[in-house]
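Right, one structure below, let's go through it.
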Amino acid sequence: MAESLEPPAKRIKTQEEEQAEGNGVEENKSLLKRRKCALVIAYCGKGYMGMQMNPGVPTIEGELMTALWKAGAISEAHKDSQNKLGFQRCGRTDKGVSAARQSMVSAINEHLPEQIRIIGLKRVSKSFNSKNACTSRLYEYLLPTYVFAPFKATNMDYRITATEINRIQALLNMYKGTHKFHNFTSGKKPTDPSCHRYIMSFVIGSPFVKNDLEFVSLNVEGQSFMIHQIRKMIGLVIAVVRGYMNDDAITQAFEPPQTDIPRAPALGLFLDQVYYKSYNRRFGDDGVHEKLEWTEYEDTVSRFKDEYIYRHIIETELREHVFLHWLHTLQLHDFYKSRQDQSTTHTHATEADSHTAEADTLTTEADSHTAEADTHTTEADLHTTEAGESTEDQTDAKTIAVADSESKI
């Protein structure tokens, strides 16, 4: 008898089997091919302990990793492991994110605080490195215009003139080009090649009034910057405008002698833009990747800056008078004393204290009553010193917190 050639009847799957298969698809999402993408993030770091992840304390990256995980952009296994994720101030996302880019950005933002926003997302090459591929960075420094006022006119009613703006611009132009910025950072010698930095532009913006106080922005673009460099560049310009130093002090600061330059407050400084010109020329038109330009988001970024960053800087200045307090220390600054001279002075002071201590010991042996008086005086001096150190620590902690809130990025 011939066997039937008809295929066996298909067995209908039960509801439980279909649900099991569906769960399997969900479980295998982590096996999808990943694509490296660049995220543009805007944030105001007030209330956070900096940008970089730090277990046990709130950070910008900590919020970002959690939001990426909740939005389904990364797996839970990668949420706490940036090395596995390939994170370089940007991240990898599952396949299909690029096609649904704006919906993914919205999904991530739903899990972020209002002061942290993902602005845009673009696919990049596998070899892309957000730090090394950056050709230049643009920083903005927002400050009250009264810092440029004559000594007797330093008050909240001060309004900067066009003549003063032109003079400030002429001073800022002195920074353009390649120079040795050893005097504008810490721990660098004039012979250190890393002190050579290239400044592309340094521009003063148009002043504006907010809450009866006038502000202005200084915008500097350079290939890269050293620690404290921008704040010292601005601090020196303020010192020149206020008459503490001559106009040629900027060009002299590029010379080998090490000079102690005042450092403007951290409040007001933030990273505004990063540029990838070389990357864009190589990959921007290859049909797969996009140019890392964000002009389409300028309105969104501008609104965020006004609502969070500018507001934080302005409200802090109105409440705490950060720049006014800094100006009081500026007039006490010894602009023409080198850092080496200050170190030598400190050494001599220490030696003098040592000789004084020896004299006190001899006096103690000769006269116990005098020694007791000296002891009480020493204790009083000790308490005064401790109080001074405590004040300095509070100021440093506050400055660090403000610096964190301005970074920028």
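The values are calculated or read from the model by the stated rules, or taken from the named source; none is laboratory data. Remember, it's a predicted structure, so these values are computed and weren't measured experimentally. Because the Cβ atoms are built from the backbone with ideal geometry, glycine has one as well, and the counts that use them run over all protein chains shown.
Here V288, V274 are screened, and the one residue that is under 18 Å from the mean Cα position of the chain (by Cα), closer than 30 Å to V124 by Cα and modelled with pLDDT under 95 is V274.
Taking the stated definitions as given, is S206 free of Cβ contacts under 8 Å to residues at least 60 places away in the same chain, assigned to a loop (DSSP other than H, G, I, E, B) and closer than 30 Å to D157 by Cα? Against the criterion (free of Cβ contacts under 8 Å to residues at least 60 places away in the same chain, assigned to a loop (DSSP other than H, G, I, E, B) and closer than 30 Å to D157 by Cα), S206 qualifies.
Within the stretch 180-196, if we keep just the residues that are modelled with pLDDT of 95 or more and touching a helix residue (DSSP H, G or I) at 6+ places or on another chain (Cβ under 7 Å), the residue that is surrounded by the fewest Cβ atoms within 10 Å (Cβ to Cβ) turns out to be D192.
Pick out the one residue from Y244, Y279 that is hydroxyl-bearing (S, T, Y), assigned by TED's automatic domain parsing to the domain that holds E140 and farther than 15 Å from F148 by Cβ.
Details: Y244 fails: farther than 15 Å from F148 by Cβ.
Testing whether each residue is hydroxyl-bearing (S, T, Y), assigned by TED's automatic domain parsing to the domain that holds E140 and farther than 15 Å from F148 by Cβ leaves just Y279.
Determine whether the stretch 273-286 contains at least one residue that is part of a loop (DSSP other than H, G, I, E, B), in contact (Cβ under 8 Å) with a residue 60 or more places away in the chain and not small (G, A, S). Checked against the condition, which is being part of a loop (DSSP other than H, G, I, E, B), in contact (Cβ under 8 Å) with a residue 60 or more places away in the chain and not small (G, A, S), the stretch 273-286 yields at least one hit.
Would you point out which residue out of G50, G62, G56, G72 is at pLDDT 85 or above, over 23 Å from E293 (Cα atoms) and surrounded by 18 or more Cβ atoms within 10 Å (Cβ to Cβ)?
Every option except G62 fails the conditions.
A single member of V216, V203 is within 16 Å of I160 (Cβ to Cβ), within 20 Å of the chain's Cα centre (by Cα) and surrounded by fewer than 18 Cβ atoms within 10 Å (Cβ to Cβ), and it is V203.
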